[in-house]
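The values are calculated or read from the model by the stated rules, or taken from the named source; none is laboratory data. Keep in mind the model is a prediction, meaning the values are calculated, not measured. Glycine also receives a Cβ, built like all others from the backbone with ideal geometry; neighbour counts cover every protein chain displayed. SASA here: full protein model, heavy atoms, side chains in, ligands and nucleic acids out. Shrake-Rupley method; radii C 1.70, N 1.55, O 1.52, S 1.80 Å.
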Amino acid sequence: MIAIEGPGYPILVGDDPAVAVRDVLARSGAQRAIVLADRNVAGRAKLLARAAEAPLVLFKLGERRKTLRTVARALEVLLHGGADRRTLVFGAGGGVATDLFGFAASIYMRGVPFAPVATSVVAMADASIGGKTGVDFAARKNLAGTFRDPVAVLCDLGAIETLRRAQLREGLAEIVKAAVIAGEEPFGRLEALAATPLRAWPWDEVIRAAVETKCAIVAGDRLEAGRREVLNLGHTFGHAIESVAKFEIPHGSAVAIGLRAAGLLGLEQGGFAAADHARVVTLLQAIGLPVRVRGLRRRALLNAMRGDKKARDGRLRFVVPSAIGNVRFGVDASDETVERVLDAVAKPPGDGERS
Ligand code: GLY
């Protein structure tokens, strides 16, 4: 088990999170624990619950169940399970699970200790770190939520072998995003790995690099008052695509298309070199992620973007790369520019977009 110093709490990365459970319990000051988990990871969650000597409650989740209704169910489970402020809540699963259970723990009795146990690549590399919790509301991604730091984060590398290839690929969108933010070294490493079968990737290293990038940014801006916004690279477009497609397009795919869109905006606005944009698009495609979306209405996408948490007074604000390793946030763009980008991502990448 590797311990990475997180922004105020450790990120424990290993293939058997059960070994870290006692440490995490001691650190939380809790006297007992309860494990809430996505039923898709019941096997991993059982190991965890056994190690924590805690009851386990499984939930049917998925983006469409990332709702206040499921939160209400989690609150009922905590209440009927006798949870109080000395109870540590473990929330096991992918990004939906860690966001949703983290939200429930942050409002139950005005907040009880919480430790996400990330079992998907998205959750390990991004969602479980940084204290953001929440659920979708009124067709807006993560509209209801809180910032609340966990006691610790557990990244269950042992779960990777239980994931399908498509799920591994989906998670890589967040890892490519982190590498575009971090710079040449991690980005070049992904380019070198792209031709390797996903099962043979050194997931511990790849996840560690993304975690370190995220921790460094969150440590400087826990509540997203500024620079943390860079972590939303690709997400303004991505979240709009997910919402308008009624979550038929999974998060990683939407973020991959969003990364291409953000790069096109960087090209439109000047500053992002065509060669760097082409490298990002080529990497996403080499991994097998989509970079094109068809059949979604431009107007609906623009409206969804206006509801994004980063928009101000209905004005769209974007995160845009200037270079690999240099990403700007709070970038204004006119509707016409955004419409051109949306038209472009409805088509396959042109010759100039591939390296
Ligand atoms: N997923 C972006 C953030 O945590 O800030």
Degrees, to the nearest 10: 203-220 long Cα axis against longest axis of the chain = 90
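Given DSSP loops and a limit of at most 16 other Cβ atoms within 10 Å, what is the longest stretch of the chain that contains no such GluC sites (Glu not before Pro)?
54-247
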Which of the trypsin sites (Lys or Arg not before Pro) across the stretch 163-220 are loop residues per DSSP, with 11 or fewer other Cβ within 10 Å?
-> 164
When the Cα centres of the stretch 91-152 and the stretch 185-212 are compared, how far apart do they sit, in Å?
-> 25
Neighbourhood net charge (11 Å Cβ-Cβ; Lys/Arg +1, Asp/Glu -1) for residue 318 = 0
Relative contact order computed over the stretch 1-74 (Cα-Cα under 8 Å; 6+ residues apart), in percent = 24
Expressed in nm², what is the orientationally averaged projection area of the convex hull enclosing the Cα positions of the chain?
-> 15.7
Normalised by the number of residues in the chain, what is the relative contact order in percent for Cα pairs under 8 Å and 6+ residues apart?
-> 15
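Roughly how many percent of the accessible protein surface of the chain is carbon and sulfur, given a 1.4 Å probe and a whole-percent answer? Write down the numbers at each step before the final one.
Working: 7140 of 14430 Å².
Accessible surface attributable to carbon and sulfur in the chain totals 49 percent.
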Work out the charge dipole of the stretch 95-200 with +1 on the Cβ of Lys and Arg and -1 on the Cβ of Asp and Glu about the Cα centre, then indicate which of 150, 102, 200 is farthest towards its positive end.
-> 102
Measure nothing but the geometry: give the 0 to 90° angle between the long axis through the Cα atoms of 251-268 and the longest principal axis through the Cα atoms of the chain, rounded to 10°.
-> 40
Identify which of 120, 243, 334 has the largest mean-square fluctuation in a Gaussian network model of the chain, with springs joining Cα atoms closer than 10 Å.
-> 334
Return one number: the angle in degrees, 0 to 90 and rounded to the nearest 10, between the long axis of the Cα atoms of helix 335-345 and the longest principal axis of the Cα atoms of the chain.
-> 80
Just the number, please: percent antiparallel of the DSSP beta bridges in the chain, rounded to the nearest 5.
-> 40
Proximal lysines relative to residue 214, as straight alpha-carbon distance under 21 Å, when same-chain residues fewer than 8 apart are discounted | 132, 141, 177, 309, 310
For the chain, report the accessible area per residue in Å² (1.4 Å probe, heavy atoms, rounded to an integer).
-> 41
At most 15 other Cβ within 10 Å, DSSP loop - trypsin sites (Lys or Arg not before Pro), the stretch 30-136 = 60, 85, 86
